[in-house]
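Below: one structure in structure tokens.
Values in this text are rule-based calculations from the coordinates and carry no lab data. In this text the structure is predicted, and so the values were computed from the model without any measurement. Here the Cβ positions follow ideal geometry from the backbone for every residue, glycine too, while neighbour counts run over all protein chains shown.
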Amino acid sequence: MEATIPLLKVDSVGIRFGGLKAVSDVNVELFPGELVGLIGPNGAGKTTFFNLLTGVYVPTEGTIALNGENLKKQPPYKITRKGISRTFQNIRLFSELSVIDNVKVAYHSLAKHAIVSSIFRLSGHFSGEKDMDEKALEFLRIFNLDHFKDEKAKNLPYGQQRRLEIARALAANPKLLLLDEPAAGMNPHETKELMNLIAFIRKEFNLTVLLIEHDMSLVMGVCERIYVLDHGQLIAHGKPGEIRNDPKVIEAYLGEEVL
Amino acid sequence: MTTLKNSKGFWLSIVLALIFFGIMQFSISSGMLNPFYINTLMFIGINIMLATSLHLIIGITGQFSIGHAGFLAVGAYASAVMTMKLELPFIIAILAGGIIAAAAGMVIGIPSLRLKGDYLAIATLGFGEIVRIVLLNIEYVGGASGMQVSHLTTWPWVFACVMITVIVIRNFTNSTHGRACISVREDETAADAMGINTTYYKVAAFVIGAFFAGVAGSLYAHNFYIIQPSNFGFLKSFDILIFVVLGGLGSLSGSVLAAILLTIVTTFLQDYPETRMIIYSLVLILMMIFRPQGLMGTREISTLFTHKKTKGGKKDGSHNTVA
């Protein structure tokens, strides 16, 4: 594993908001095909770190490289097209759009037909839309959401909304998938289903996954490596077993939950 | 399968619209319709164009712009200069009105669409006022006393322009590009994260909207013999905004319906100048109390009667009341 080139290389990245150092000096390397967890207490900077990776925030120090290409100052939509796609902690679906349209939006960057072609309804429009329709439906089938396809996204049950958000993120065709607390608010049954789903998509789509999670059974159960963030700094990283026994981690975060 | 159903409804509505056009054209040329009603008809057409073009910006893309009268003014003056000063044919003037307004839309849109919500509203309001005041101070176009324009706007022109506007906006909306715009409205951060170039689509919607407002401006200018900067104040922008909100944000047919209804209401209230504004405001207040989501909500007429489409309904509506 160590011999391959990292898919994502984060080199001493940090960001300041005014005088506040939200994240500083974080080094992370992800290798193709890995499933890595990012944990830490509330306010540790996990979501900020995701925002740095996806270009929502521009790091004030350090570099982020995907496949050796520096992502500095790339706008979020370009970073997505280069292969990093994400879900959000608080679900951000396009709630007034139908389930299938949500997925189709993610396909947009792959659309071949231009605005002019759509306005004048040239043949490119029809073939392009049909193509998207079929691909999106195929995706919904994989996620078992096809029978909801014409339902508005906001009308789905909570667990299905989470699934749809993951489906949408995958439709953007990422190499690296970032999941921000995918199991938040799910019951144990749904969490178990989610774990299976993550394992499945990882194989099926040949993905690298980085996931933020509070649910320790999920993190310890599926992740191969874990990074621990506290007060914006990495305090530990290693295999789940090592993390479980790391005194610094226990002190900062895990405490009674795991021991 | 849905596309097939939609296109059937689409063609049906085109046929209905053409029949309506024929009836109107016949009643106008045979003198059955008096000039007052003809004028109302033109006014309805122009307002439909204004409402649907703003619908694309506010209802679909979610960018709260209240300077639409600015684009109307740019189109009106640009086209008037084309016909009156440069003596070019009307068709060129219409296109020029649209293109120059679209250019104005791009110049305004690129910097101001970084702003969100209230801030964007204020910026666009400012734009509208700047246009008005600039026109007020250009002697070439007559300054405050306005500009004489010959009457060239006829029913076939208005009808053709309305049809093109509605069809183009419908086609744009029902495509991946329209979905990109809606995703910006729904959640800009998520749209960005899904690979949508949000700035591009905001500007695109703004430019297309401005283009059709400019075309409407050309028709407007050549319908009234004279245009003055005071015709394009911010109250005009609010009139257009009201069409969109009253019709239901996000509903194309709603904008069309509201434009028809409110134009008729205003026209008939002209007989009661003292109480006109009171009644008009009352209609709006009642409307907002009993149907805060607008006439159509976010739905389209096509979803009400599975097969009937936007334009069919619209033409029927104006037909019954005007003729």
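Just how large is the dipole of the protein assembly as shown about the Cα centre, in debye to the nearest 20, putting +1 at every Lys and Arg Cβ and -1 at every Asp and Glu Cβ?
Working: 50 positive and 45 negative charges, 283 e Å.
Dipole size: approximately 1360 debye.
Report, in debye and to the nearest 20, how large the dipole of segment A:94-172 comes out about its Cα centre when Lys and Arg carry +1 and Asp and Glu carry -1 on their Cβ. Don't skip to the end; give the middle numbers.
Numbers: 12 positive and 11 negative charges, 27 e Å.
My answer is approximately 120 debye.
Over the protein assembly as shown, how many percent of alpha carbon pairs lie in each 20 Å bin up to the one with the longest distance?
19, 44, 26, 10, 1
Explain nothing, just compute: Karplus ³J(HN,Hα) = 6.51 cos²θ - 1.76 cosθ + 1.60, θ = phi - 60°, for every residue of segment A:222-236 in order, whole Hz, x for Gly and Pro.
10, 7, 8, 9, 9, 9, 10, 10, 9, 6, x, 10, 6, 9, 7
Which ³J(HN,Hα) values, rounded to whole Hz and listed in residue order, are derived for segment A:83-90 from phi using the Karplus coefficients 6.51, -1.76 and 1.60 in 6.51 cos²θ - 1.76 cosθ + 1.60 with θ = phi - 60°, glycine and proline given as x?
For segment A:83-90, the Karplus-derived couplings read x, 10, 10, 9, 10, 10, 5, 9 Hz, x marking Gly and Pro.
While we're looking at this one, here's another question. What does the C-alpha gyration tensor say about the overall shape of segment B:82-218? Classify as rounded when a/c is under 1.5, otherwise prolate if a/b is larger than b/c, or oblate.
Values: a/c = 3.11, a/b = 1.54, b/c = 2.02.
Because a/c hits 1.5 or more and a/b fails to exceed b/c, segment B:82-218 counts as oblate.
Continuing with the same structure: Looking at A:H125, B:T173, B:L16, which one has the Cα that reaches farthest to the positive end of the dipole of the protein assembly as shown (charges on Cβ: Lys, Arg +1; Asp, Glu -1)?
B:L16
Considering every residue in A:129-137, what mean count of other chain Cβ atoms within 10 Å of its Cβ is obtained? Don't jump to the answer; show the numbers that get you there.
Working: counts 5, 1, 0, 3, 3, 0, 0, 0, 0.
Neighbouring Cβ atoms belonging to other protein chains average 1 per residue here.
Right, here's the next one. Which of B:G31, B:S79, A:M195 sits farthest toward the positive end of the charge dipole of the protein assembly as shown, with +1 on the Cβ of Lys and Arg and -1 on the Cβ of Asp and Glu?
Going by the charge dipole, the pick is B:G31.
Can you list the residues, at least 5 places off or on another chain, whose amide H is less than 5 Å from the amide H of A:L8, using H built in the peptide plane?
Distant-sequence amide H within range of A:L8: A:L30, A:N67.
Let me ask you something else. Ranking B:I57, B:I242 by Cβ neighbours within 10 Å, fewest first, what do you get? Each step should come with its number before you reach the end.
Working: B:I57 28, B:I242 17.
The most exposed by this proxy come first: B:I242, B:I57.
I've got another one for you. How do A:T54, A:T87, A:T63 line up, fewest other C-beta atoms within 10 Å first? Let's see the in-between values first.
Numbers: A:T54 22, A:T87 26, A:T63 13.
Ascending Cβ contact count within 10 Å gives the list A:T63, A:T54, A:T87.
If you rank B:H151, B:H55 by fewest surrounding Cβ atoms within 10 Å, what's the result?
B:H151, B:H55
Now, a different point. For q = 0.12, 0.15 Å⁻¹, what log10 I(q)/I(0) does segment A:119-202 give under the Debye formula with an equal point scatterer on each alpha carbon and no solvent?
Debye output, listed in q order: -0.43, -0.62.
Please compute the average number of Cβ atoms from other chains found within 10 Å of each residue's Cβ in peptide A:112-119.
Values: counts 1, 3, 1, 11, 1, 3, 9, 9.
Across the residues of A:112-119, the mean count of other-chain Cβ atoms within 10 Å is 5.
Mind listing the long-range amide H neighbours of A:A236? Cut-off is under 5 Å, sequence gap 5 or more, other chains count too, H placed in the peptide plane at 1.01 Å from N.
A:V228
On to the next question. In whole Å, what is the distance between the alpha-carbon centres of segment B:254-285 and segment A:115-184?
Here the answer is 43 Å between Cα centres.
Here's something else I'd like to know. First check a/c for segment B:2-322, with a ≥ b ≥ c the square roots of the eigenvalues of its C-alpha gyration tensor; if it is under 1.5, answer rounded, and if not, answer prolate when a/b is larger than b/c or oblate otherwise.
Numbers: a/c = 1.39, a/b = 1.07, b/c = 1.30.
Judged from the Cα gyration tensor, segment B:2-322 comes out rounded (a/c under 1.5).
Something else: Taking amide H atoms as placed 1.01 Å from N in the peptide plane, list the residues 5 or more away in sequence, or in a different chain, whose amide H sits under 5 Å from that of A:G37.
A:L211, A:E224, A:R225, A:I226, A:Y227
Hey, got the dipole for chain B? About the Cα centre, +1 on K and R Cβ, -1 on D and E Cβ, debye to the nearest 20? Could the numbers behind the result be given before it?
Details: 19 positive and 13 negative charges, 159 e Å.
Dipole of chain B, to the nearest 20 debye: 760 debye.
Now, a different point. Quick check: pseudo-label points 7 Å beyond the Cα along Cα→Cβ at A:D146 and B:L282, how many nm apart are they?
Label-label distance for A:D146 and B:L282, simple model: 5.8 nm.
Further, regarding this structure: With θ set to phi - 60° and the Karplus curve 6.51 cos²θ - 1.76 cosθ + 1.60, what are the ³J(HN,Hα) couplings of segment B:293-301 in order, to the nearest whole Hz, using x for Gly and Pro?
Per-residue couplings from phi come out as 7, x, 3, 9, x, 9, 7, 10, 4 Hz.
Lys/Arg Cβ at +1, Asp/Glu Cβ at -1, dipole of chain A taken about the Cα centre: which of A:A44, A:V222, A:F88 is farthest positive-ward?
Projecting each Cα onto the dipole axis, the largest value belongs to A:F88.
Under the definition of partner shielding as Cβ atoms of other protein chains within 10 Å of a residue Cβ, what is the mean value for peptide A:69-81? Could you put the intermediate results ahead of the total?
Details: counts 0, 0, 0, 0, 0, 0, 4, 9, 10, 3, 3, 5, 3.
Across A:69-81, the average partner-chain Cβ count within 10 Å equals 3.
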